[in-house]
Each structure stands twice: as structure tokens, then as C-alpha cells.
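S.K.: Quick one: the structure is below, and I'll ask about it shortly.
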Amino acid sequence: MADLIVPATKEQMASIQLYADLLGEAKIRIGIINHFITGKAELPGPLIRESAFLQLRMLCELIALGCLVAHGDITRRTKLRKEWSAYRIIEALENLHQDFYPLPLDQGENLQFSPTKDDYLTKEDLISLNHYSGDVLHRGTLKKLLTNRDPIQVHFPEILT
């Protein structure tokens with residue numbers, strides 16, 4: 001018996017479009033990071049670093065929101081529809097469904113997909129990056145300002161990793 005192809009509902013199509021839009025936004029933000037770190041943005045080093053980490057933080061949120069969109073059956077019944085924190089979204093999804101996090105695939109010939117052999121942003125990496133970028137984006141306490149006298153950066157290896 002041949003497999004039946006069931007057409008997507010309007011709600012499913014809307015979710016697919018939203019997910020595609022999130023991926024498109026992520027691509028733009030990655031381009032902005034590349035613009036900053038290749039020296040094309042004529043800004044002082046500290047502003048380049050801060051701007052790049054803002055984009056990284058936004059990427060963490062986009063990935064977390066993408067996970068919610070991909071698991072729409074979960075989000076209709078929870079408070080997660082109002083959540084913005086990447087960490088809290090990831091934590092909640094982990095509690096609901098351990099294998100929710102996307103795994104990257106490489107596309108081969110004839111639209112055949114296989115797990116990537118390249119490094120990628122794991123769930124643990126995303127949580128760590130989200131926290132670290134939050135630390136970078138906040139000025140901190142007066143004590144931190146008075147004791148931390150880092151030189152002005154012009155190279156940003158931490159952003160590339």
C-alpha cells in the first residue's frame with residue numbers, strides 16, 4: 001500500500017513559515033557578526049565586541065524560539081508562548097522532551113541527509129554562550145569597573161569559537 005501524503009494544515013504551514021523566518025533572521029545576524037569581526041564596521045573595539053555578542057545572544061534566543069516553533073504541540077498548552085529567555089525555554093523543553101534540540105545535517109546528493117561531521121552549537125554550548133554573552137553585555141558593578149582594566153581589543157577570537 002502506498003504511503004498517503006497528508007497535506008499540511010494552515011497552522012502547520014504558518015509554523016513552517018515562522019521557522020523559516022527565524023532561520024532567515026539567524027542568517028542575517030551571522031552576517032552582521034562577520035561584518036563586525038572582519039573589520040568592516042568602523043567602530044572602536046569594545047563596541048564591535050559588544051555588538052557581536054548582542055547578535056550571539058539574539059541567535060541563542062532565535063534557536064530557543066525555533067525549538068518552540070518546531071514543537072508547536074507543546075507550546076499550545078504551556079506558558080512558554082510568553083517566554084523570551086533562551087535558558088528558560090531550553091530548560092522547560094528539556095523537562096518536557098529530552099530530544100527536542102535540533103541536530104545539524106549535511107545534505108548529500110538527491111536530497112539525502114546525514115548527520116554532520118562538523119562542529120556545531122550543542123544545547124550545552126548554547127546555554128553557556130547565552131550566559132557568557134549576557135555577562136559581556138552588562139557593565140556589571142562599580143567594583144568590577146574599578147578593578148577590571150582590560151586593554152582595548154582589536155581581535156576577537158572568543159566570538160569566532
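S.K.: For residue 10, go through the aspartates and glutamates and keep the ones whose alpha-carbon is under 19 Å away, minus same-chain ones fewer than eight residues off.
M.R.: 21, 73
S.K.: While we're here: Accessible area per residue for the chain in Å², computed with a 1.4 Å probe and the full protein assembly in place, what is it?
M.R.: 75
S.K.: Can you give the local net charge around residue 32? Use residues other than it whose beta-carbon is closer than 14 angstrom to its beta-carbon, Lys and Arg +1, Asp and Glu -1.
M.R.: Every neighbour counted, the sum reads +3.
S.K.: If the cut-off is a Cα-Cα distance under 27 Å, which lysines reach residue 123, setting aside same-chain residues fewer than 8 apart in sequence?
M.R.: Reachable lysines: 27, 79, 82.
S.K.: Can you list the DSSP H helices in the chain whose Cα atoms extend at least 27 Å along the helix axis and whose mean Kyte-Doolittle hydropathy is -0.5 or higher?
M.R.: Qualifying helices, which must be both long enough and hydrophobic enough, are 10-37, 45-70.
S.K.: Now for a separate question. How about the stretch 84-123: which trypsin sites (Lys or Arg not before Pro) there are in a DSSP loop, with at most 13 other Cβ atoms within 10 Å of their Cβ?
M.R.: Listed in order of number, the matching sites are 117.
S.K.: Hey, another quick one. Between residue 88 and residue 21, what's the calculated FRET efficiency when r is the beta-carbon distance and R0 is 22 Å? Round to 0.05.
M.R.: With R0 = 22 Å, the Cβ-Cβ based efficiency is 0.50.
S.K.: Filter the chymotrypsin sites (Phe, Trp or Tyr not before Pro) in the stretch 4-94 down to the DSSP loop ones having no more than 12 other Cβ atoms within 10 Å, then list what survives.
M.R.: 84
S.K.: Which of the peptides 136-144, 26-34 is most tightly packed, and how do the rest follow, judged by the mean count of other Cβ atoms within 10 Å per residue?
M.R.: The most tightly packed comes first, giving 26-34, 136-144.
S.K.: Also: Cβ neighbours within 10 Å, averaged per peptide: list 55-61, 42-48, 109-115 in order, most packed at the top.
M.R.: 55-61, 42-48, 109-115
S.K.: Same structure again: Give the carbon-plus-sulfur fraction of the accessible surface of the chain in %, rounded to a whole number; probe 1.4 Å, heavy atoms of protein chains only.
M.R.: Carbon-and-sulfur percentage of accessible area, whole number: 58.
S.K.: Can you tell me, using C-alpha contacts under 8 Å and at least 6 residues apart, the relative contact order of the chain as a whole percent?
M.R.: About 26 percent, as a whole number.
S.K.: Still on this structure: State the answer as a single residue: which of 8, 56, 70 lies farthest towards the positive end of the charge dipole of the chain, with beta carbon charges of +1 for Lys and Arg and -1 for Asp and Glu, about the Cα centre.
M.R.: Result: 56.
The values are calculated or read from the model by the stated rules, or taken from the named source; none is laboratory data. As the structure is a computational prediction, the values presented were derived from the model and not from experiment. Backbone-built Cβ (ideal geometry, glycine too); neighbour counts: all protein chains shown. Surface accessibility is based on the protein's heavy atoms, side chains included, excluding ligands, DNA and RNA. Shrake-Rupley method; radii C 1.70, N 1.55, O 1.52, S 1.80 Å.
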